[in-house]
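Step one of this worksheet: look at the structure below.
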Amino acid sequence: MSQPQSGGMAPVPEFTGRTGEVLQRLNHLYPALIDLSLGRLEALLARLGHPERKLPPVIHVAGTNGKGSTCATLRAIAEAAGWRVHVMTSPHLVDVTERFRIAGKLVSEAELVATLEEIERVNNGAPITVFEVLTAAGFVLFARHPAELAIIEVGLGGRCDATNVLEHPAACIVTSISRDHEAFLGESLAAIAAEKAGIFKPGVPAVTGHQPAEVMQVLQTQAQAVGAVLARRGVEWNIAPQLGAADKPAGLRLNDAKGSLDLPMPALTGPWQMENAGLAVEALRLSGLAVPQAAWQGVGQVQWPARMQRLHGHLASLLPSGWELWLDGGHNPGAGAALAQELEHWKDRPLHILVGMKQTKDASGFLGPLLPYADDLWAICEPEQHLALPVQAIVDASGGKAHIGPTLARALGMLAAHANTQQPARVLICGSLYLAGVALRQDGWVIA
């Protein structure tokens, strides 16, 4: 499953500084944008002494939408338990160091560069992709620092993703599955589900939420084939809001074979976050790890950028007083449908949507659920946005409804210039994690 970049080297997105220099050198060894296979990395890890076998208990997370939020919830619960937690996620938004959190702290650029240079020496010129090198770096870093838990997010798919060299995680999670990356994972939901289910391992609990029927059938078949124990929302476990005063949700209740567990409302905004919280909690409950009762309060303490995040920095200052600026990195039809659920609650104010997408994404599929809620739409293509879809393609995907930004600052400036100051509005930036990264940099956001 490879797709070398035609016409020469594959671009390495948003890698700068000393880290970028090393990764650009490594990119010459195997200039494929994506090549889903395990052999190259398995050979490299063997030469590195198999760091992937020296990790603390691992929870492995695959899926189309919700992986990052689920990983962030796992981390929040574990840190509320007082555990040291390693986390490896992708892609990053502003800086590559975001991909590696070591015992609760982001890796320093110096340690990451030293690790990448060590891997470069050990690899000794053998073909290897940049993502495989970064995965190896995560395993090396995590093996060298003690922790009680490692959370590993799949990069793409699952079966042949570089992270799937993990032999026996404590638990696996498959979040919401929808159409995305069809060129690599298959044209049907069933084919995509088969790739995601490739992370299932014999005897390892596997947790999933509500899925389309054809997806669930594939997950069940794969779990049975490998001897994994599949826990399905609505069957082996469930989660629902608990109503308080004025029939407003006051918390969540999860039920499974272990009994009932009361949880706080998720800190992250959006109705889909209830399921992501449930996936994280159920995986920990089935993992065999001893989670203190008080740690479940971590569900209400999660932080994860570009997931329905309110911005308050430079970009927000371009808007009139009283206006709200929000950011979400959703970028496929499933994410568009999920966003629409949240926008159903935003009808109290006018809504302006600024959309920038990646070239390979289904723009019309993403925009379709959002258009009924948008008072207007702006097509964005920032100069530094990786593989950005041209603004005219976004206009076409919107049925001609979108205005041309083409940048965030210009679109926000035009909105402010023509604003009705007597009627505060909301602005939502969405469509791409790469655009989200640009927005966060321009807004002055710094990850901690």
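Could you identify the single residue in 369, 333 that is in contact (Cβ under 8 Å) with a residue 12 or more places away in the chain and more than 18 Å from the chain's Cα centre (by Cα)?
369
Going by the conditions given, is residue 250 surrounded by fewer than 22 Cβ atoms within 10 Å (Cβ to Cβ), of a type in the set (A, V, I, L, M) and either part of a strand (DSSP E or B) or outside the structural domain of residue 72 (by TED's automatic domain parsing) (or both)? Write out each step before concluding.
Numbers: surrounded by fewer than 22 Cβ atoms within 10 Å (Cβ to Cβ): yes; of a type in the set (A, V, I, L, M): yes; either part of a strand (DSSP E or B) or outside the structural domain of residue 72 (by TED's automatic domain parsing) (or both): yes.
Taking the combined requirement at face value, the residue satisfies it.
Tally the residues that are within 24 Å of the chain's Cα centre (by Cα) and in a helix (DSSP H, G or I), restricting the search to segment 317-330.
Looking only at that region, the number is 0.
Out of the residues in segment 270-304 meeting the condition of being in contact with a strand residue (DSSP E or B) (Cβ under 8 Å, 6 or more places away or on another chain) and not in a helix (DSSP H, G or I), tell me which one is surrounded by the most Cβ atoms within 10 Å (Cβ to Cβ).
Of everything passing the filter in segment 270-304, 272 is surrounded by the most Cβ atoms within 10 Å (Cβ to Cβ).
Counting just the residues of segment 93-109 that are charged (D, E, K, R) and in contact (Cβ under 8 Å) with a residue 24 or more places away in the chain, which one comes out surrounded by the fewest Cβ atoms within 10 Å (Cβ to Cβ)? It would help to see each step written out before you state the result.
Of the residues in segment 93-109, the ones charged (D, E, K, R) are 95, 98-99, 101, 105, 109.
Add one more test, that the residue is in contact (Cβ under 8 Å) with a residue 24 or more places away in the chain, and what stays is 95, 98-99, 101, 109.
Working: 95: 19, 98: 18, 99: 22, 101: 24, 109: 14.
It comes out as 109.
Within segment 374-423, can you find the residues that are closer than 18 Å to residue 350 by Cα and surrounded by fewer than 17 Cβ atoms within 10 Å (Cβ to Cβ)?
Answer for segment 374-423, where residues must be closer than 18 Å to residue 350 by Cα and surrounded by fewer than 17 Cβ atoms within 10 Å (Cβ to Cβ): 375, 376, 401, 413, 414, 416, 417, 418, 420, 421, 422, 423.
Please note which strands (runs of 3 or more DSSP E) are completely contained in segment 341-448 and include at least 1 residues that are among the aromatic types (Phe, Trp, Tyr) and assigned by TED's automatic domain parsing to the domain that holds residue 314.
376-379
The values are calculated or read from the model by the stated rules, or taken from the named source; none is laboratory data. Source: prediction; values computed, not measured. Methodologically, a virtual Cβ is constructed for each residue, glycine included, from the backbone with ideal geometry; neighbour enumeration extends over all protein chains shown.
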